[in-house]
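What follows is calculated from the coordinates using simple rules that are stated; it is not laboratory data. This one's a predicted model, so the numbers in the text were calculated from it and none came from an experiment. So basically every Cβ, Gly included, is an ideal-geometry build from the backbone, and we count neighbours across all protein chains shown.
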Amino acid sequence: MQVEAVYRLVYHLNPNAEFSEDSLEDFARINALFNVWPYWREFIASTFNRMGYRHAGMLTMYKILSEVL
């Protein structure tokens with residue numbers, strides 16, 4: 001079974017702030033996962049619950065970050 005969801009995260013930066021391209025890429029790649037995690041976790045839990053899988057296993061944040069980093 002494979003479950004997919006798409007979330008769009010929009011961040012607003014101070015126009016006077018200066019960030020390197022690498023810093024912005026790291027922020028998007030890592031911090032976005034932490035910001036979307038509660039919504040993803042709720043989506044998975046409610047979807048699996050509606051399907052009758054009350055205790056569906058989920059990947060931990062550690063597992064996901066280890067694959068991203």
Notebook entry, point to check: What's the extension gain from Val10 to Ala28 if we count 0.36 nm per residue and subtract their Cα-Cα distance?
Noted result: 5.5 nm
Checklist line | In Hz, Karplus ³J(HN,Hα) per residue of segment 27-37 (6.51, -1.76, 1.60; θ = phi - 60°; x = Gly, Pro) | finding: 4, 5, 6, 9, 5, 4, 4, 5, 5, 8, 3
Next item on the list: Please list 10-22, 35-47 highest first by mean number of surrounding beta-carbon atoms within 10 Å per residue.
Entry: 35-47, 10-22
